[in-house]
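Written out below as structure tokens is the structure these notes cover.
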Amino acid sequence: MYKYSFFNDYSEGAHPKVLELLTKTNFDQESGYGEDDLTSKAAKLIKKIIKNEKAEVHFVSAGTQANLIVLASILKPYESVIAAKTGHINVHEAGAVEATGHKINLVESSDAKVTVERLQEVLSGHGDEHMVKPRVVYISNSTELGTVYYKKELKAISDFCRKNGLYLFMDGARLGSALCSEGADLTLADIAKLVDAFYIGGTKNGALLGEAIVLVNPELQKNFRFHLKQRGALLAKGRILGAQFLALFQDNLYFELATHANKMAAKLTKAIKKAGYKFLTESKTNQIFPILPNKLIAKLQKDYGFYIWKKVDANNSAIRLVTSWATKEEKVDEFIKEL
């Protein structure tokens, strides 16, 4: 049994305010399938925050489900999605997108971010009907390596997509962490202006489970509930998802929780750098990837849970440490002392 786990940001249950609202409304009779009052209020609150009343908000249980349904709803049988090689849809979703019959066009990226130059390379290599037709660009914010997109970068990708007839979809499993990271210059309202669809992750930021899919482009909204139903995402007790997001987006709780997770990761980063170690990427979010000697890693793993992410050389490896909305500062201090 570990003294503490840094495996992920969903080891804990849910923030007390989320549980409080679920308990408070537990015996209220509500309509099913996301047409209840709690879900309606949560959707209206999100639309107010993104400053777009015409957007549609749909709640699903998990990130893989969100990615699968959004992409499957957009793509025709001969169309593909472009993503970084490290992208979650490529590495950690058991081929969910491919199982719908769609190819993922992969691009190399040292920081897990997609660039206009890489996108152009894919388009240049797919010019006729003898190959798939790229239709969607998939990006994660924060990325699988903890890096974030800045407004200038996202605008460049957005402009490229609109110029070339591509939809832009953002995986926001850790969007709270990205928006609250040091130096971040994007808001939810900015994102809503620059992408066609995105989702706001709750599972990894204080909810029991759940993600909020936001469809900004009206072209993607028609009949979306049919896709939800077909993929098993139209929950009879949709109120459970709506209530959680209502709690998270009241009084800025969502952003407070993400800020705490980032703060704990930043404390780890500072101490590890002070100890003389380097990092695989420069992350300002709640996922960090320090490079440590294998012998030290073996000692730390006796008491702390974390993933060995990548072998760097014969004697050193990058590990992943993830902090959460509930990470206790004293546990961070204990890890630092042990290191």
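Matching residues to (1) within 30 Å of Glu334 (Cβ to Cβ); (2) at pLDDT 95 or above:
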position	(1), (2)
Asn223	no, yes
Leu228	no, yes
Gly232	no, yes
Gly238	no, yes
Leu241	no, yes
Gln250	no, no
Tyr254	yes, yes
Ala266	yes, yes
Exercise for the section: Among the residues of region 198-250, write down those that are in a helix (DSSP H, G or I), open to solvent by 30 Å² or more (accessible area, probe 1.4 Å) and not hydrophobic (A, V, I, L, M, F, W, C). Expected result: Pro218, Glu219, Arg225, His227, Lys229, Gln230, Arg239
Practice task
Can you give me the number of residues within region 137-172 that are open to solvent by 20 Å² or more (accessible area, probe 1.4 Å) and in a loop (DSSP other than H, G, I, E, B)?
Solution key: 4
Practice task
All but one of (1) surrounded by fewer than 19 Cβ atoms within 10 Å (Cβ to Cβ); (2) in contact with a Pro (Cβ under 8 Å, 6 or more places away or on another chain) hold for Glu108, so report the exception by its number.
Solution key: (2)
Problem - Number of the exception - Ala62 against (1) over 30 Å from Val332 (Cα atoms); (2) of a type in the set (A, V, I, L, M, F, W, C); (3) surrounded by 16 or more Cβ atoms within 10 Å (Cβ to Cβ) - result: (1)
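Which residue is surrounded by the most Cβ atoms within 10 Å (Cβ to Cβ), if the candidates are limited to region 264-279 and must be within 18 Å of Ala178 (Cα to Cα), in contact (Cβ under 8 Å) with a residue 24 or more places away in the chain and out of contact with any helix residue (DSSP H, G or I) (no Cβ under 8 Å at 6 or more places or on another chain)?
Within region 264-279, the match that is surrounded by the most Cβ atoms within 10 Å (Cβ to Cβ) is Ala265.
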Practice task
Select from region 281-310 the residues that are of a type outside the set (Gly, Ala, Ser), without any contact (Cβ under 8 Å) to a residue 40 or more places away in the chain and surrounded by fewer than 20 Cβ atoms within 10 Å (Cβ to Cβ) and list them in ascending order.
Solution key: Ile291, Pro293, Asn294, Lys295, Ile297, Lys299, Leu300, Gln301, Lys302, Ile308, Trp309, Lys310
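The values are calculated or read from the model by the stated rules, or taken from the named source; none is laboratory data. Note that the structure is predicted; figures quoted are calculated from it, not measured. Methodologically, a virtual Cβ is constructed for each residue, glycine included, from the backbone with ideal geometry; neighbour enumeration extends over all protein chains shown. Heads up: the accessible areas ignore ligands, DNA and RNA and are worked out on the full protein's heavy atoms, side chains in. Shrake-Rupley method; radii C 1.70, N 1.55, O 1.52, S 1.80 Å.
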